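The values are calculated or read from the model by the stated rules, or taken from the named source; none is laboratory data. All of these numbers come straight from a predicted model, not from anything done at the bench. All Cβ positions, even for glycine, are placed from backbone atoms using ideal geometry, and neighbour counts span all protein chains on display.
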Amino acid sequence: MARQRRSSVLVPTDAPSPNSVAAFQRRAHRPIPYRLWVRWADGLDGIRDRRAYRARPATSPVVDGTIHTPWSDRLVAEYVGAVESERLAARAAISVLGSQWVAADAAGRAAREAEASARRELASLQATELDVTPRTAGEQYDSPEQIRARRQAARVRTESELTATIEEQSRASARAGIAKADFADAIDAHWSALLIRVAAVSAYYTRRAGTYTRRLQGRRGTVVFPPVLAQPGWAGGGCPWAPKPTLVAVDAVDTMTAGAVDE
C-alpha cells in the first residue's frame, strides 16, 4: 500500500475541504500494535480467571462453547466503543463534505437554470424583428435608417451581455460539477479509510481475546472459543451518509441538505 504523507507536511490544499484536513491526517492502514505488557496482562487475567472458575465449576464461563466472563464482556464493550468512535469521526468528516457537495450541487443547478434562461432570452431576441417606429419625441425627426442603426446597436450590446452570461454560467456549472466529483471522491476515501480502521480494530481486539482465552483454557482444558468480535453490519455496504442522488431534483435546498447529510 502506498505510503501515507506525514501530518507535518499536509496542508489544507491537499484536501477538497479544508475543514476535513484533520480527518485526512489520520492513518488508515497501519495495524494497532499489540504491546508486550498488554499481552502479558491479558494472559495473566486469563490464568486468574481459569483458577477462579475451576474452583467453582458451577459458575462455568463457557456458554455454547464461547467464553463469557466479566473480562470478555468488558473487552467486547471496549471493541464496540472503539468502532463507534471511528464511525463518529468518519461521519463528522463526511457530513462536512456532504454539505459542501449539496452546496456545489445547488450552485450547479442555479447556474444551469440561469444559463437556460439567458439562452431563451437570446433566442427570443434574435427572433424578434427590429422595430423602427419612433418611440420618443426626438426620434420623430430621425430617419428610419438612423432608428434602425440605434436599435441594432442596442441589440448587439444586449446579445453580447447575454452571450457573456451564458458563458459565465456554463463555466460555473462546470466548476460545480468538478467540485461535486472532488467531494464525492473524498467521501469515498473517508469511507474506505473507516473500513480499514475498523478492520484493524477488529484484528487487535480479536488477538487480545485469543490470548485471554488460551490462558483461560490451559493446556489440558476443554476447547473453548473467544468472544465473537464481528465487524458491524454497516461495514458491509456503501457509505450511508453520502449525498443521495435521488434528492438532487428537490427544489428546496434546506430539504436536500437535511436528507443528503443526515442519516
Review point. In the set 192, 170, which member is among the hydroxyl-bearing types (Ser, Thr, Tyr), in a helix (DSSP H, G or I) and closer than 30 Å to residue 90 by Cβ?
Key: 192
Check your understanding: Considering region 205-216 alone, what residues qualify as being free of Cβ contacts under 8 Å to residues at least 40 places away in the same chain and hydroxyl-bearing (Ser, Thr, Tyr)?
Key -> 206
Revision key, fill the gap. Scanning region 29-68 residue by residue, those under 26 Å from residue 198 (Cβ atoms), modelled with pLDDT under 85, in contact with a helix residue (DSSP H, G or I) (Cβ under 9 Å, 6 or more places away or on another chain) and not polar (S, T, N, Q) turn out to be 29, 30, 31, 67
Practice item. Return the only residue of 164, 200, 176, 181 being at pLDDT 85 or above, closer than 23 Å to residue 93 by Cβ, surrounded by fewer than 15 Cβ atoms within 10 Å (Cβ to Cβ) and among the small types (Gly, Ala, Ser). Key: 181
Revision key, fill the gap. Output for Cβ contacts, cut-off 6 Å, separation at least six or different chains, first residue touching a residue at least 60 places away in the same chain (Cβ under 8 Å) in region 182-204, second assigned to a helix (DSSP H, G or I) and surrounded by fewer than 18 Cβ atoms within 10 Å (Cβ to Cβ), reads 198/235
